[in-house]
1. In terms of Cα to Cα distance under 24 Å, which lysines are near enough to Lys53, apart from those fewer than 8 places away along the same chain?
2. Answer rounded, prolate or oblate for the stretch 112-217, using the Cα gyration tensor with square roots of eigenvalues a ≥ b ≥ c: rounded when a/c is under 1.5, else prolate when a/b is larger than b/c, else oblate.
3. How much length, in nm to one decimal, is gained on full extension between Glu142 and Ala200, taken as 0.36 nm per residue of separation minus their Cα-Cα distance?
4. Got the relative contact order for the stretch 101-217 handy, in percent, Cα pairs under 8 Å and 6 or more residues apart?
5. How charged is the neighbourhood of Lys133? Take every other residue with its Cβ under 13 Å from the Cβ of Lys133, and add Lys/Arg as +1 and Asp/Glu as -1.
6. Once label points are set 7 Å from the Cα along Cα→Cβ at both Tyr215 and Trp43, what is their separation, rounded to one decimal in nm?
7. Name the shape class, rounded, prolate or oblate, that the alpha-carbon gyration tensor gives for the chain, where a ≥ b ≥ c are the square roots of its eigenvalues, rounded holds for a/c under 1.5, and otherwise prolate holds if a/b is larger than b/c and oblate otherwise.
8. Picking from Glu111, Glu96, Glu142, which is most flexible by a Gaussian network model of the chain using Cα springs under 10 Å?
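Just so it is clear, none of the values below were taken in a lab; they were calculated from the coordinates. Not measured: the values here are computed from a predicted model. Glycine also receives a Cβ, built like all others from the backbone with ideal geometry; neighbour counts cover every protein chain displayed.
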Amino acid sequence: MYFNIHTHYSANEADSTVSIRSFYSDFAHASSGILCSLGLHPWYLKNYEQPLKELKQFVGLPNVLAIGECGLDKVCQTDWALQIAVFRCQIKLANELNKPLIIHCVRAFDEFLKIIDENPPAVPVIVHGFNKKGGISERLLEKGMYLSFGAAILNKESPAAGVLKLIRADKFFLETDDADIPIGDIYRATAAIREISEEAVILQVQQNFATVFKYNK
Ligand SMILES: [Zn+2]
């Protein structure tokens, strides 16, 4: 069984894949019962009262496995104070509902870690699409966070591949995000990078998934 913890596409994968579909709007999709995560993405924040209300309406459903993607992005045009306020709201919500956070963070890791220190989440925190060097992975892992890796690892020279090679086995997840590739390709690349069998990757991610998402299939 493959686990794809972050995708924006509807599940067209084989039955052997459990996918968490990520929605940043139209949260009512969750009422269909599909496994998903719901969150207010920094790219799309304008007036957040109404979206936050809608998020709260659906995020408690049992098939909503996580809150996110949410976080901070210094590259987008969204007002910075607004990004911070909305991110804080979602940490609070995650704590209240006891659901993991899936984090989007672009060029804002110092600020992200500061907010985490001020508002410590009581739930697992997964930084998705990780592809950074310069000691950032160490700082996140030190806080007990998890890292999720996607298409970047298909390039063996990427920072992501370098981090994935050495990360503790119980700290990583795999994803396709918005890349149109089978999750199996990410598993096989992981096996090559960590120099273990694909079967070993399958078992490890399955175990990590069960631990963090309290979900067994
Ligand atoms: Zn995404």
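1. Within the straight-line limit of under 24 Å, Lys53 reaches these lysines: Lys92, Lys99.
2. oblate
3. Length gained between Glu142 and Ala200: 18.4 nm.
4. Once divided by the residue count of the stretch 101-217, the mean separation gives 19 percent.
5. Here the count lands on +1.
6. Placing both labels 7 Å along Cα→Cβ, they lie 2.2 nm apart.
7. Note, shape of the chain comes out oblate.
8. Highest fluctuation of the listed residues: Glu142.
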